[in-house]
1. Starting at the first residue of the range 236-244, write each ³J(HN,Hα) from the Karplus equation 6.51 cos²θ - 1.76 cosθ + 1.60 with θ = phi - 60°, in whole Hz, x for Gly and Pro.
2. Rounded to the nearest 0.05, what FRET efficiency is calculated for Glu26 and Ser289 with R0 set to 30 Å and r the Cβ-Cβ distance?
3. Would you mind checking which residues have amide H under 5 Å from Met170's amide H? H placed 1.01 Å from N; only 5 or more apart, or other chain.
4. Within the range 274-305, find all residues whose amide N lies under 20 Å from a label point positioned 7 Å from the Cα of Arg265 along Cα-to-beta-carbon.
5. Can you list the HN-Hα couplings for the range 82-96, worked out from phi with the Karplus curve (6.51, -1.76, 1.60; θ = phi - 60°), rounded to whole Hz and with x for Gly and Pro?
6. Starting from 0.36 nm per residue, how many nanometres of slack lie between Ser119 and Glu205 once their C-alpha separation is accounted for?
7. Ranked by Cβ crowding within 10 angstrom, fewest neighbours first, how are His283, His40, His195 ordered?
8. Of all DSSP beta bridges in the chain, what percent run antiparallel (nearest 5)?
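What follows draws every value from the coordinates through simple rules; no lab data is involved. Keep in mind that this is a model prediction, so the values were computed, not measured. Ideal geometry is used to build each Cβ from the backbone, glycine not excepted, and the neighbour counts take in all protein chains shown.
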Amino acid sequence: MDTKTISDRIAVLKANIEKRIVGKGEVIDKLIIALLSEGHVLIEDVPGVGKTSLAKALADSLSLSFSRIQCTPDTMPADITGVSIYNAKSGEFEVMPGPVMNNIVLADELNRTSPKTQSALLEAMEEKKVTIDGKSMDLPEPFMVIGTQNPMETAGTYPLPEAQLDRFMMKLSVGYPDKADALKMADSFLLGTLHEVTQTVLTGEDITDMRECVQKTGVDGKLTDYAVMIVEATRSYEDISCGASPRALLSLLRCAQAFAVFAGRDYCIPEDVLRSALLTLPHRLVLTSQAKMNRTTQAQALKRITDRIKVPS
């Protein structure tokens, strides 16, 4: 598959999602980039801005299996991974796969469930398999987890631990629509077209082929050094107590390759690496207490780091 074909398919996918999600082209771009990068996405924003609708629109645009897990405090790990049930007729235990055994898994309000249940996704997100009563089962390909959470509520919520956040390639925010987009959304709602069923436009084979092209995208040695310097700098910066992990470096490079393919190129440029770093690293950084007191954000700290590092020519 050449870059022209990929660009055409990306355009079709984006246009299809935009029929349902109004005025959020940049967020949709990032979600598609994560899909092509084999990454998982955490969408954090206030209620009612379309977090779940965005994830559902992506799933509906692809001929892939989809499941939604509505996370609550009483959700158990087995409710996600599956469970073994005794079959009286055969006299044996049978594995009943959980909702995680699908191509696209939406974990809605992930921070509402307990850390024990949150950890049920760790193996699935990293190794693309689950273990049920000692039996290991591979997850279908392609596989992607989209988690959502509301940052405004604290009662009855469990903040995601750093180990869980590190498994998400990127953390996105949908945001409120501007006035023009709000009017367009209102008109579509009144006409009854806002919540029409999203049509399927791409297959699982399309996504697999596009992912293979991303993996083959060229990354010059200077750009790899540039990415490594950014990641290493996060580990010694004064406002950061815990920097980016080796997993973060790999996510950065894969995301940079996807940015290149998204732009219609089969090679990366420095801007791809920089944009990827600013997208994949902030949520993985742990700020010092002093930085938090100074109201420094993770994104601000990373921007100061990248400003110090010379961009390769």
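1. Coupling constants for the range 236-244: 10, 6, 5, 8, 10, 8, 9, x, 6 Hz.
2. Rounded to the nearest 0.05, the efficiency is 0.35.
3. Those qualifying (amide H under 5 Å, at least 5 residues apart or on another chain) are His40, Leu42.
4. 274-281, by backbone N distance to the label point.
5. With coefficients 6.51, -1.76 and 1.60, one gets x, 8, 9, 10, 6, 9, 5, 6, 8, x, 10, 8, 10, 7, 9 Hz.
6. 28.0 nm
7. His195, His283, His40
8. 40 percent
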